[in-house]
Amino acid sequence: MEDVTLSRGDLRMVLRPEWGGRVRELSRAGRDILHPLQGVDETFDPTIWPKGGAYPLFPFHNRISQGRFKWDGREVQLPLHPHEAATVHGHGHKLPWRIVEQGPDMVELRLNDKGDGAWPFPFTAVQRFQLTPVGLELVLSIRNDGDATMPAGLGWHPYFTKCRTVRSDAAREWAMDEHFLPDGNWGSVAESEATTRYLSDWSRVDMELSDGRRLTLRAEEPLSHLVLHDPAGAYTCVEPVSHLANALNLRPERAADRMVGLVPAETLRAGVMLDC
């Protein structure tokens with residue numbers, strides 16, 4: 001099982017493509033930026049995935065209630081997560097990815113899905129990581145490889161080392177139920193002690209780690225949504241994503257809140273920038 005190590009200056013990243021295209025470690029000068037994957041050197045459970053590093057969200061993020069939705073008159077049933085009445089985070093992070101290009105400070109990973117398993121639409125997903133003098137640039141993309149329009153979304157799920165503060169310029173906060181499913185209603189963003197929050201209409205997140213270091217996360221369209229998950233413990237998740245959770249069943253009015261309908265051969269692409 002081969003790891004990929006990238007470095008630029010004192011910035012270091014370790015990835016394991018076979019484990020769902022995951023980042024295992026991101027550090028600067030030997031100090032962790034992401035909460036590293038620990039104690040998982042030989043085994044990987046693709047369903048109860050490890051809480052650390054970072055992983056891609058394809059072909060959707062977060063939850064689809066009951067794993068069911070309708071698309072172009074078609075009834076779709078997806079496999080449920082064993083501990084939830086929902087399908088969670090897509091399946092791109094459960095499958096092995098392959099390296100298509102690599103250099104000292106960059107790597108491009110690709111996943112070709114035939115649409116005959118956990119998602120009934122064929123697609124190709126790409127993650128391109130590039131270390132820079134100030135941090136990390138990540139480009140995510142998904143292409144419809146089928147002959148019919150496909151719903152598509154994407155995102156990134158990093159586990160940062162524990163944050164002391166997380167502040168964004170998001171304009172909307174979405175209400176959710178006890179199953180972490182939005183109800184379609186939103187309000188202005190206010191101070192909150194909630195462990196999990198769904199925000200949107202953002203351009204920047206500033207984080208202060210528990211040791212005082214500062215990070216800034218930015219993203220390009222269509223990553224207009226943001227999931228914050230800050231449980232008690234060793235990590236804080238700040239996830240740039242392209243649509244509202246359970247959007248396929250909510251059918252939001254705004255295009256920015258919906259999953260994209262990709263026509264055959266069309267590609268959805270977005271960039272994430274982390275200054276660290």
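The values are calculated or read from the model by the stated rules, or taken from the named source; none is laboratory data. Remember, predicted model here, so these are calculated numbers, not experimental data. Virtual Cβ from ideal backbone geometry, glycine too; neighbours counted across all protein chains shown. In case anyone asks, the SASA skips ligands and DNA or RNA and just uses the protein heavy atoms, side chains included. Shrake-Rupley method; radii C 1.70, N 1.55, O 1.52, S 1.80 Å.
Answer yes if at least one residue in segment 203-212 is open to solvent by less than 20 Å² (accessible area, probe 1.4 Å) and either within 21 Å of Q127 (Cα to Cα) or part of a loop (DSSP other than H, G, I, E, B) (or both), and no otherwise.
Going through segment 203-212, the residues open to solvent by less than 20 Å² (accessible area, probe 1.4 Å) turn out to be 205, 207, 209.
With the extra rule that they be either within 21 Å of Q127 (Cα to Cα) or part of a loop (DSSP other than H, G, I, E, B) (or both), the set shrinks to none.
The answer is no; no qualifying residue exists.
What do you reckon, is L217 in a strand (DSSP E or B) and aliphatic (A, V, I, L, M)?
Yes; evaluated as a whole, the condition is true for this residue.
Which pairs turn up if I take residues in segment 133-155 that are under 13 Å from R218 (Cα atoms) and of a type in the set (A, V, I, L, M) and look for partners that are outside any strand (DSSP E or B) and open to solvent by less than 10 Å² (accessible area, probe 1.4 Å) with beta carbon separation below 9 Å, at least 6 apart in sequence or on another chain?
These pairs meet every condition: L136/I33.
Name the residue that is farthest from R258 (Cα to Cα), counting only residues in segment 28-85 that are in contact with a Leu (Cβ under 6 Å, 6 or more places away or on another chain) and not in a strand (DSSP E or B).
The residue in question is I33.
I'd like to know if segment 173-181 contains one or more residues that are within 30 Å of F69 (Cα to Cα), over 21 Å from the mean Cα position of the chain (by Cα), surrounded by fewer than 19 Cβ atoms within 10 Å (Cβ to Cβ) and modelled with pLDDT under 95. Give the derivation first.
At the first step, the residues of segment 173-181 found to be within 30 Å of F69 (Cα to Cα) are 173-181.
The next check asks that each one be over 21 Å from the mean Cα position of the chain (by Cα); those that pass are 177-178.
When the remaining residues are screened for being surrounded by fewer than 19 Cβ atoms within 10 Å (Cβ to Cβ), the result is 177-178.
Pick out the ones that are also modelled with pLDDT under 95 and you get 177-178.
Scanning segment 173-181, I find at least one residue that is within 30 Å of F69 (Cα to Cα), over 21 Å from the mean Cα position of the chain (by Cα), surrounded by fewer than 19 Cβ atoms within 10 Å (Cβ to Cβ) and modelled with pLDDT under 95, so the answer is yes.
Output the residues belonging to segment 213-244 that are among the acidic types (D, E) and open to solvent by less than 10 Å² (accessible area, probe 1.4 Å).
Of all residues in segment 213-244, those among the acidic types (D, E) come to 220-221, 230, 239.
The one that is among the acidic types (D, E) and open to solvent by less than 10 Å² (accessible area, probe 1.4 Å): E239.
Looking at (1) of a type in the set (V, I, T); (2) surrounded by fewer than 13 Cβ atoms within 10 Å (Cβ to Cβ); (3) out of contact with any Asp or Glu (no Cβ under 7 Å at 6 or more places or on another chain), which is the only condition T87 fails?
Going through (1) of a type in the set (V, I, T); (2) surrounded by fewer than 13 Cβ atoms within 10 Å (Cβ to Cβ); (3) out of contact with any Asp or Glu (no Cβ under 7 Å at 6 or more places or on another chain) one by one, T87 breaks only (2).
Picking from D32, D10, which residue would you name as being of a type in the set (D, E, K, R) and under 13 Å from P158 (Cα atoms)?
Unique residue meeting the criteria: D32.
For the subset of segment 57-81 comprising residues that are open to solvent by 10 Å² or more (accessible area, probe 1.4 Å) and among the polar types (S, T, N, Q), which member is farthest from A247 (Cα to Cα)?
By that ranking, first place goes to Q77.
Restricted to segment 90-131, and to residues that are farther than 16 Å from I142 by Cβ and open to solvent by less than 30 Å² (accessible area, probe 1.4 Å), which residue is farthest from the chain's Cα centre (by Cα)?
The qualifying residue farthest from the chain's Cα centre (by Cα) is G103.
In segment 182-201, how many residues are within 30 Å of G135 (Cα to Cα), surrounded by 14 or more Cβ atoms within 10 Å (Cβ to Cβ) and more than 16 Å from the chain's Cα centre (by Cα)?
2
Which residue out of L248, L223, L268, L228 is in a loop (DSSP other than H, G, I, E, B), out of contact with any His (no Cβ under 6 Å at 6 or more places or on another chain) and closer than 20 Å to D201 by Cα?
Selected residue: L223, the only one of L248, L223, L268, L228 that is in a loop (DSSP other than H, G, I, E, B), out of contact with any His (no Cβ under 6 Å at 6 or more places or on another chain) and closer than 20 Å to D201 by Cα.
Being touching a residue at least 24 places away in the same chain (Cβ under 8 Å) and more than 19 Å from S141 (Cα to Cα) is the filter; apply it to segment 248-276 and report the residue that is surrounded by the fewest Cβ atoms within 10 Å (Cβ to Cβ).
Step by step, filter segment 248-276, then rank; the result is D275.
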